[in-house]
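A.B. asks: Dumping the structure here so I can ask a few things about it.
Where a number appears in this text, it was derived from the coordinates with a stated rule and is not lab data. Just so it is clear, the structure is predicted and the values come from calculations on it, not from any experiment. Cβ atoms come from the backbone with ideal geometry, glycine included; neighbour counts cover every protein chain shown.
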Ligand code: COA
């Protein structure tokens, strides 16, 4: 068995940003227009008026202040309310592959590896632009990597599950180094017309290079152990799929092909699952929570992270011990914990212990214990 390490990470952040103020103004204008359109039905009591959104609620309930997106104008135009991306020919790089290559370049630079050093590409994300050919194979070709590539989806836990898969492959020797990319164009499946969730997501792409620990060199992070968990729940769901056109009336509206959730239930049910996973995983590996220098948690909700951090450590964690990035990025699905890890790990010394932990739809949760080498 080989030891395995994270040798480099990279982030591609789209330039366009939507502040909460811009988001709320566009949603409220959309809601006003819908209410004017349906004034008679609302007046007759046949229909509820659409409620307004508020910046105060968003910050208090989630901690999100702004989000990056691949296309801003379509999302904030009250007559459109979704991103607008020009169609690309089959010969052009697809958008998920394009942002993956940008994040991968940064991760490969940090890891000090060339395409020839990598022999597998995993594209782990919560939605894929198309079913096939796999985005990972397109990325593989664009970067000139030999070997193989495949796509996988475990929603917000895609990256930690991808790390487990890559680590196992490297340990066993079927691959020597793996590039994992997490292109999250969450704005495509976000429902911007629903005030309960219109503030939640943002776009980004992260990349992680994993290789044998002895080849990763100083500054890398050895993956000591991984643990994945799933438990079925309908509380976060997206019904879009290839059988859509087979169901009468299902092409007319797009609400059921977007993200929806029972946020409060998710909050209540997922917190104990994650805390138990992290504490059990640490204990089984002979570590105490006090041994942790840092926790890089999934970035869905600040209140949720505060609660998980407190329950794991048995006290309120400092911002250094549990950094959040969701004020700037919102929920970027699988990429969130990787952004936190990438942006907040350089300062830690050799020997520092940490956990990368994600959780989300499925339910799914993944815990990756790492130590700086
Ligand atoms: N502006 C103003 N009010 C809003 C609003 C908005 N944008 N969205 C919802 N509200 C209202 C609700 O309608 C509700 O009103 P009511 O009390 O009159 O019914 C009230 O605010 C509270 O809503 P609720 O949905 O219970 O808020 P919450 O405190 O649970 O926060 C989430 C909502 C989504 C931020 C929170 O539940 C969450 O983050 N859950 C975890 C989600 C998660 O991790 N998902 C993983 C995704 S991958």
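A.B. asks: Starting with the highest mean, order 351-358, 70-77 by the number of other Cβ atoms within 10 Å, averaged over the residues of each peptide.
C.D. replies: Numbers: 351-358: 22.2, 70-77: 18.9.
With the highest mean Cβ count within 10 Å placed first, the list reads 351-358, 70-77.
A.B. asks: In a GNM of the chain with a 10 Å cut-off on Cα contacts, which of 133, 78, 317 has the highest mean-square fluctuation?
C.D. replies: Looking only at 133, 78, 317, the biggest GNM fluctuation is shown by 133.
A.B. asks: Hey, what D do you get for the stretch 162-252 in µm²/s if you plug the Kirkwood alpha-carbon radius into Stokes-Einstein at 25 °C and 0.890 mPa s?
C.D. replies: Diffusion coefficient, whole number: 143 µm²/s.
A.B. asks: Efficiency by 1/(1 + (r/R0)^6): what FRET value for residue 25 and residue 264, r their Cβ-Cβ distance, R0 = 22 Å, to the nearest 0.05?
C.D. replies: 0.25
A.B. asks: Also, I was wondering about something else. For the stretch 105-119 and the stretch 242-311, what is the separation of their C-alpha centers, rounded to whole Å?
C.D. replies: Each part's Cα centre sits 30 Å from the other's.
A.B. asks: Semi-axes of the chain's equivalent ellipsoid from the Cα gyration tensor, sqrt of 5 times each eigenvalue, largest first, rounded to whole Å?
C.D. replies: Working: eigenvalues 253, 121, 61 Å².
They are 36, 25, 18 Å, listed from largest to smallest.
A.B. asks: If you don't mind, another one. Highest GNM mean-square fluctuation, the chain, Cα pairs closer than 10 Å: which of 290, 107, 213?
C.D. replies: With Cα springs under 10 Å in the chain, the top fluctuation among 290, 107, 213 is at 290.
A.B. asks: As a test of the formula, what do you get for the chain when each DSSP H run with n ≥ 4 contributes -39,500 (n - 2.57) and the sum is divided by the residue count, at 222 nm and rounded to the nearest 500 deg cm²/dmol? Could the numbers behind the result be given before it?
C.D. replies: On the way: 12 runs with 126 residues, N = 373.
Only helices count here, giving -10000 deg cm²/dmol.
A.B. asks: How do the peptides 337-345, 227-235, 94-102 rank, highest first, by the average count of neighbouring beta carbon atoms within 10 Å per residue?
C.D. replies: The peptides rank, most packed first, as 337-345, 94-102, 227-235.
A.B. asks: Expressed as a fraction of 2.2 N^0.38 Å, the rule-of-thumb size for a compact globular protein of N residues, what is the C-alpha radius of gyration of the stretch 1-129?
C.D. replies: So the stretch 1-129 has a normalised radius of gyration of 1.53.
A.B. asks: Using a 10 angstrom cutoff on alpha carbons, build the Gaussian network for the chain and name the most mobile of 186, 246, 332.
C.D. replies: Maximum among the listed residues: 246.
A.B. asks: What does the C-alpha gyration tensor say about the overall shape of the stretch 263-373? Classify as rounded when a/c is under 1.5, otherwise prolate if a/b is larger than b/c, or oblate. It would help to have the intermediate numbers written out before the result.
C.D. replies: Working: a/c = 1.65, a/b = 1.22, b/c = 1.35.
Judged from the Cα gyration tensor, the stretch 263-373 comes out oblate (a/c at least 1.5, b/c at or above a/b).
A.B. asks: Quick check: Cα centre of the stretch 2-40 to Cα centre of the stretch 340-366, how many Å?
C.D. replies: Each part reduced to its Cα centre gives a spacing of 24 Å.
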